[in-house]
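K.L.:
Pasting a structure here, questions to come.
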Amino acid sequence: MTVYSFRLYVAGQTGRSQAAEANLRALCESHLPGGYELVVIDAAEQPGLAEEQRILATPAVIRLAPLPQRRVIGDLSDHQRAAYALGLPERPGPTRQGDEE
Amino acid sequence: MNGSDMIERLATGINGFDQVALGGLPRWRTTLVTGSTGSGKTLFAVEFLARGIVRSGEPGVFVTFEETPDDLRRNWASLGFPIRQWESEGKWVFVDASADFEEAPVVGAYDFGALAARIGHAARRIGAARVVLDSLDAVFTRFAEAGVVRHELARIADSLEDAEVTSVITAERANEYDHVSRYGVEEFVLDNVIILRNVLANERRRRTVEIVKMRGAAHRTGEWLFTIDPRDGFVVIPLAFLVPPFARASQVRVSSGNTELDQMCGGGFFKDAIILLTGPSGAGKTLTCLKFLAAGLAAGERCLAFTFDESREQVRRNSAGWGIDLDSAEESDLLRVVCDYPEVASLEDHFIRIKRAIEEHKPERLVIDTLSALERIVSPRALLDFVIALGAVVRQHGITTLLTSAPAGRFTPQLTPSIAGEIASLTDATVTLRYFEYGGEVRRAIAVMQTRGSGHDQSIRQVTIDSDGMHITEPVAGIAGILSGAVSVPAQDRQADPPAPGSAQPDG
């Protein structure tokens, strides 16, 4: 099974940072239950790591694996668009049923 | 809000700019520098950091949105800025915000918190005094939400002011005379705005810098010419206001190279004087210049001559004809002669070359032969600026300076009408050579005007030129209008003999 690996860059413990982390975790739980790893990096505390990836805007997610890498900017409040932009697989199991026409 | 007395300045160190800004940029403030493509924005930004490091060891952060750090290091090495070395010494740090990848899609709200954190981190790490953001347009093209970008950049600008650094932000303008910047950056960098322009006028490039506003701080208004010199970089001219005029007026006299002319001037030129020599071609201007140089060389003075009319070979032949050996004087390094065609460079560049030659050669005498040749390449107004700027430089060094200028035609007695009068008013003395007709002959006359603070010969005297050089003889009596060109012989003098060459009659 493909393991998805994410880095979430935020700047400070702001409401926006917390929202982004919550949204990303919720997305991962529903699309990739048990099959992901997520590291949150606070650019305010570790600016060097943000420098390495040349992060300008935050929150920002980098999908490190699987390749190719993908980047998404924003607090991921729109789950459907966020899942598409991050290239997440369809949600498994019964959760999908209600969507069927 | 009025805090004109409170605004501290940070001298940028950019050549000539701090004089226009009356001391420099407002310290701990952000200044917006805008201009169209190729107007010199990035150079201004690079120099702002580099001059700070070179002049006062002030470390700087360069936030680049457009060019990569590698490009910048390479591009500006030619100006002698060892950016890589400064980086290793902790004096220069790049924050690389250039984008060589496709910008990520946006889902939801975002801000530039990471960028702010990176800039703040870099500035703290080296104790930065100066920060540059170049250029904001690249950010606006990468993020669709212009309102968000403006807001976020404004926040960064604020945080820089809070951090007590002086910063320069560059942004593009679409047109030379239109809105300040393309993306409305001026809406948040309100206080200090500088516009760089690069326009074609008379088929020549003309670069100017204008300080549009500077928060409650005095500065010079209007557009100031600048040039981008391959060695000195960004150079704003004129520098006329650098030197208090006549601060140290010298009472020492030096020889013009012609005894009779010395007598007419009341005992020679003042050592720190600027003398304008006007006359039609063939009237003896170049001869006077050569004798002026020869007198300097004979007194062991260092001499510098710029000729814009003649080739080196012509100058050599001319001087040899008058028994002046320029070659050996040049070999001994006492003399430097520069022969240039006006068209090879812009007037600003000529100015830089002359200024540099003065600083390198350190002459006590300077000759420029002739200003009229330079007038071919610029407007009269620009030539006047040039003379003002040149005047400032030579006065600073107390150099005896001889400038020549030719009227339009051989028998047209007027000076080049445009600005000759104004140029004359900037000089200490004007020596006028003229042709006039008398008794079926063409003769030459000379007059000295407005010698500063000293008695001088008021009369118009005859001049002859023979193989020994120029001889000034007795006053031209009984003829009016030589200088104005409308020669007339008053009725009562009709019977008198025409004035003839004879011995000099100095009368102080």
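Here's the yes/no breakdown for (1) free of Cβ contacts under 8 Å to residues at least 12 places away in the same chain; (2) touching an Asp or Glu at 6+ places or on another chain (Cβ under 9 Å):
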position	(1), (2)
A:Gly12	no, yes
A:Ser30	no, no
A:Leu38	no, yes
A:Gln46	yes, no
A:Gln53	no, no
A:Ala57	no, yes
A:Ala60	no, no
A:Arg70	no, no
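K.L.:
Scan (1) over 29 Å from B:Ala477 (Cβ atoms); (2) at pLDDT 85 or above for the single condition B:Pro380 breaks and write down its number.
P.N.:
(2)
K.L.:
Do we find a residue being surrounded by fewer than 16 Cβ atoms within 10 Å (Cβ to Cβ), closer than 16 Å to B:Thr64 by Cα and more than 8 Å from chain A (Cβ to nearest Cβ) anywhere in the stretch B:142-156?
P.N.:
Checked the stretch B:142-156: no residue is surrounded by fewer than 16 Cβ atoms within 10 Å (Cβ to Cβ), closer than 16 Å to B:Thr64 by Cα and more than 8 Å from chain A (Cβ to nearest Cβ).
K.L.:
Right, something else. Take the stretch B:116-138 and flag every residue that is closer than 25 Å to A:Ile62 by Cβ and within 11 Å of another protein chain (Cβ to nearest Cβ).
P.N.:
Going through the stretch B:116-138, the residues closer than 25 Å to A:Ile62 by Cβ turn out to be B:116-122, B:125, B:133, B:136, B:138.
Answer for the stretch B:116-138, where residues must be closer than 25 Å to A:Ile62 by Cβ and within 11 Å of another protein chain (Cβ to nearest Cβ): B:Ala116, B:Ala117, B:Arg118, B:Ile119, B:Gly120, B:His121, B:Ala122, B:Arg125, B:Ala138.
K.L.:
Is there a residue in the stretch B:379-394 that is out of contact with any Lys or Arg (no Cβ under 6 Å at 6 or more places or on another chain) and over 24 Å from B:Asp428 (Cα atoms)?
P.N.:
Of the stretch B:379-394, the ones out of contact with any Lys or Arg (no Cβ under 6 Å at 6 or more places or on another chain) are B:379-392, B:394.
From the residues that got through so far, the ones that are over 24 Å from B:Asp428 (Cα atoms) too are none.
Checked against the condition, which is being out of contact with any Lys or Arg (no Cβ under 6 Å at 6 or more places or on another chain) and over 24 Å from B:Asp428 (Cα atoms), the stretch B:379-394 yields no hits at all.
K.L.:
Something else about it: Is it true that some residue in the stretch B:219-232 is basic (Lys, Arg), surrounded by fewer than 17 Cβ atoms within 10 Å (Cβ to Cβ), in contact with a strand residue (DSSP E or B) (Cβ under 8 Å, 6 or more places away or on another chain) and at pLDDT below 80? Working first, answer last.
P.N.:
Keep residues of the stretch B:219-232 that are basic (Lys, Arg), which gives B:220, B:231.
Of the ones still in play, those that are also surrounded by fewer than 17 Cβ atoms within 10 Å (Cβ to Cβ) are B:220, B:231.
Next cut, in contact with a strand residue (DSSP E or B) (Cβ under 8 Å, 6 or more places away or on another chain) only: B:220.
Then keep just the ones that are at pLDDT below 80; that gives B:220.
Yes, that holds for at least one residue.
K.L.:
Among B:Asp191, B:Asp111, which is the only one that is touching a strand residue (DSSP E or B) at 6+ places or on another chain (Cβ under 8 Å), assigned by TED's automatic domain parsing to the domain that holds B:Thr30 and at pLDDT below 85?
P.N.:
B:Asp191
K.L.:
What is the one condition in (1) out of contact with any Phe, Trp or Tyr (no Cβ under 8 Å at 6 or more places or on another chain); (2) at pLDDT below 90 that A:Leu88 does not satisfy?
P.N.:
It is condition (1) that A:Leu88 fails.
K.L.:
Further question: I need the full set of residues from the stretch B:123-139 which are at pLDDT 90 or above and assigned to a loop (DSSP other than H, G, I, E, B), in order please.
P.N.:
Result: B:Gly127, B:Ala128, B:Ala129.
Residues checked against (1) in contact with a Ser or Thr (Cβ under 8 Å, 6 or more places away or on another chain); (2) among the basic types (Lys, Arg); (3) not assigned by TED's automatic domain parsing to the domain that holds B:Phe269:
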site: B:Lys355; (1), (2), (3): no, yes, no
site: B:His361; (1), (2), (3): no, no, no
site: B:Pro380; (1), (2), (3): yes, no, no
site: B:Asp385; (1), (2), (3): no, no, no
site: B:Ile388; (1), (2), (3): no, no, no
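K.L.:
Can you find, within the stretch B:332-352, the residue that is surrounded by the most Cβ atoms within 10 Å (Cβ to Cβ) among those that are closer than 20 Å to B:Gln314 by Cβ and at pLDDT 90 or above?
P.N.:
B:Leu335
K.L.:
Now, a different point. Name the single residue, out of those in the stretch A:30-69 being within 11 Å of the chain's Cα centre (by Cα) and over 24 Å from B:Thr64 (Cβ atoms), that is nearest to the other protein chains (Cβ to nearest Cβ). It would help to see each step written out before you state the result.
P.N.:
Restricting attention to the stretch A:30-69, the residues satisfying the condition of being within 11 Å of the chain's Cα centre (by Cα) are A:36-40, A:59-64.
Checking which are over 24 Å from B:Thr64 (Cβ atoms) leaves us with A:36-40, A:61, A:63-64.
Details: A:Tyr36: 18, A:Glu37: 20, A:Leu38: 16, A:Val39: 15, A:Val40: 13, A:Val61: 8, A:Arg63: 10, A:Leu64: 14 Å.
Step by step, filter the stretch A:30-69, then rank; the result is A:Val61.
K.L.:
Then there is this: For the stretch A:74-83, which positions are surrounded by fewer than 24 Cβ atoms within 10 Å (Cβ to Cβ) and not in a helix (DSSP H, G or I)?
P.N.:
Hits for the stretch A:74-83 are A:Ser77, A:Asp78.
K.L.:
Which residue out of B:Thr416, B:Thr430, B:Thr401 is modelled with pLDDT under 80, touching a Ser or Thr at 6+ places or on another chain (Cβ under 9 Å) and under 22 Å from B:Val367 (Cα atoms)? Quick ask: steps written out before the conclusion?
P.N.:
On the way: B:Thr430 fails: modelled with pLDDT under 80; B:Thr401 fails: modelled with pLDDT under 80.
So the residue among B:Thr416, B:Thr430, B:Thr401 that is modelled with pLDDT under 80, touching a Ser or Thr at 6+ places or on another chain (Cβ under 9 Å) and under 22 Å from B:Val367 (Cα atoms) is B:Thr416.
K.L.:
State the number of residues belonging to the stretch A:72-90 that are at the interface with chain B (Cβ under 7 Å from one of its Cβ atoms), charged (D, E, K, R) and touching a residue at least 12 places away in the same chain (Cβ under 8 Å). Give the derivation first.
P.N.:
Keep residues of the stretch A:72-90 that are at the interface with chain B (Cβ under 7 Å from one of its Cβ atoms), which gives A:72-78, A:81-82, A:85.
Now narrow it down to the ones that are charged (D, E, K, R): A:75, A:78, A:81.
Now drop any that are not touching a residue at least 12 places away in the same chain (Cβ under 8 Å), which leaves A:75.
Residues flagged as at the interface with chain B (Cβ under 7 Å from one of its Cβ atoms), charged (D, E, K, R) and touching a residue at least 12 places away in the same chain (Cβ under 8 Å) within the stretch A:72-90 amount to 1.
K.L.:
Checking A:Ala20 against (1) small (Gly, Ala, Ser); (2) assigned to a helix (DSSP H, G or I); (3) more than 12 Å from the chain's Cα centre (by Cα): exactly one of these is not met. Which one?
P.N.:
Result: A:Ala20 fails condition (3) only.
K.L.:
Can you give me the number of residues within the stretch B:51-84 that are aliphatic (A, V, I, L, M) and buried (at least 21 other Cβ atoms within 10 Å of the Cβ)? Quick ask: steps written out before the conclusion?
P.N.:
Of the stretch B:51-84, the ones aliphatic (A, V, I, L, M) are B:53-54, B:61, B:63, B:72, B:77, B:79, B:83.
With buried (at least 21 other Cβ atoms within 10 Å of the Cβ) added as a condition, the list becomes B:53, B:61, B:63, B:72, B:83.
Within the stretch B:51-84, residues that are aliphatic (A, V, I, L, M) and buried (at least 21 other Cβ atoms within 10 Å of the Cβ) number 5.
K.L.:
On the given criteria, is B:Asp5 within 23 Å of B:Thr227 (Cα to Cα), of a type in the set (D, E, K, R) and at pLDDT below 90?
P.N.:
Values: within 23 Å of B:Thr227 (Cα to Cα): no; of a type in the set (D, E, K, R): yes; at pLDDT below 90: yes.
When the stated conditions are applied, B:Asp5 does not pass them.
K.L.:
State all residues of the stretch B:300-347 that are part of a helix (DSSP H, G or I) and touching a Phe, Trp or Tyr at 6+ places or on another chain (Cβ under 8 Å); if no residue qualifies, say none. Don't jump to the end; show me each part of the working.
P.N.:
Let us first name the residues in the stretch B:300-347 that are part of a helix (DSSP H, G or I), namely B:312-321, B:326-331, B:342-344, B:347.
Matches in the stretch B:300-347: B:Pro342, B:Leu347.
The values are calculated or read from the model by the stated rules, or taken from the named source; none is laboratory data. Note that the structure is a prediction, hence the values are computed from the model and not measured. Positions of Cβ are generated from backbone atoms using ideal geometry, with glycine treated the same way; all protein chains shown enter the neighbour counts.
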